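Enquirer: Here you go, one structure.
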Amino acid sequence: MKPTKIGAVMSGDVVTARYGTPFKDVVRLLRDHGISGLPVIDEDDRAIRVVSESDLMQRQARPSGSGGRLSVWACRLRRRTRESSARSRARTAGGIMSAPAVTVRAEAGLPEAARLMARHGIERLPVVDEEDRLVGIVTRRDLLQVYLRSDDEIRRAVQREVLVDALRLGPHTVDVAVCEGVVTLSGRLGRHSDTAVAMTWRVDDVVNVVDDLAYGFDDRHGQPAGPAVHGVAGDWLRRS
């Protein structure tokens, strides 16, 4: 049982810009591909920064003449930082770009990408290889795709990946019920160290796990065990 990696859900067809890509070409790229941002790469295909729609809007808000209305923009620009003012006059992607590129490796797990997106308030991540070269891009929508399997598909995955492959048990040794991605495990296992709950949480598409299992022997403490009833939160996108 292997958790899904970023490389399995990312898009390898990445829309990019170079440092010297003209401002209008960047606008056209975003418009034509229906995206809100793109990575700026160097001559070695390494993602160095990201250009977003907000960067472009700041460029368009520059002062362009005189008069009452334009003087308002001039006043606003005087309150901005020198860096922001420079970006407002930029003519290429290299001058417009603001945020450093937050990247993720293709072999990273989906929870890591979700945490990065939540921490930085972004919707997409450039995916890089071991030499930090751009190999793809992953979006929030890509991460959510793993939650689209039906309840019956999830149930079969738990039986196969957890009970049969990992614990070497029969597929019906434990009763597996799934409702809206929430898995309830019930029945009886021989030992508490048969960590069916933790393994179930790692199965793709599982939102939550409810433990309604009983154990014949609690080998964590060397004594008979009674039933254990508790929940394990599995919605890492919400926790991030």
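Every number in this text was worked out from the coordinates using simple rules, so none of it is lab data. Predicted, not measured: the structure shown is a model, and the values here were computed from it. With ideal geometry, Cβ positions are generated from the backbone for all residues, glycine too; neighbour counts draw on all protein chains shown.
Enquirer: Sorted by average packing, counted as other Cβ atoms within 10 angstrom per residue and highest first, what order do 102-110, 149-157 take? Walk me through the numbers before you get to the answer.
Expert: On the way: 102-110: 17.6, 149-157: 15.9.
Top to bottom by mean Cβ count within 10 Å: 102-110, 149-157.
Enquirer: Would you please give the FRET efficiency between residue 123 and residue 44, computed as 1/(1 + (r/R0)^6) with r the Cβ-Cβ distance and R0 = 25 Å, to the nearest 0.05? Working shown, then result.
Expert: On the way: r = 26 Å, r/R0 = 1.03.
Once rounded, the FRET efficiency stands at 0.45.
Enquirer: What length, rounded to one decimal in nm, is gained on full extension from residue 195 through to residue 167, with 0.36 nm per residue of separation minus their alpha-carbon distance? Please list the in-between numbers first.
Expert: Numbers: separation 28, 0.36 × 28 = 10.08 nm, distance 0.84 nm.
Going from the current span to full extension adds 9.2 nm.
Enquirer: Can you run phi through the Karplus equation (6.51, -1.76, 1.60; θ = phi - 60°) for segment 132-149 and list ³J(HN,Hα) in whole Hz, with x for Gly and Pro?
Expert: Listing the rounded values in order: 6, 8, 5, 10, x, 8, 10, 10, 4, 4, 4, 5, 6, 4, 6, 9, 9, 6 Hz.
Enquirer: Now for a separate question. Rounded to the nearest 0.05, what FRET efficiency is calculated for residue 24 and residue 140 with R0 set to 45 Å and r the Cβ-Cβ distance?
Expert: On the way: r = 28 Å, r/R0 = 0.62.
Taking R0 as 45 Å, the efficiency between residue 24 and residue 140 is 0.95.
Enquirer: So how much slack lies between residue 160 and residue 107, counting 0.36 nm per residue of separation and subtracting their Cα-Cα distance, in nm? Could you put the intermediate results ahead of the total?
Expert: Details: separation 53, 0.36 × 53 = 19.08 nm, distance 2.37 nm.
Working it through step by step, the gained length comes to 16.7 nm.
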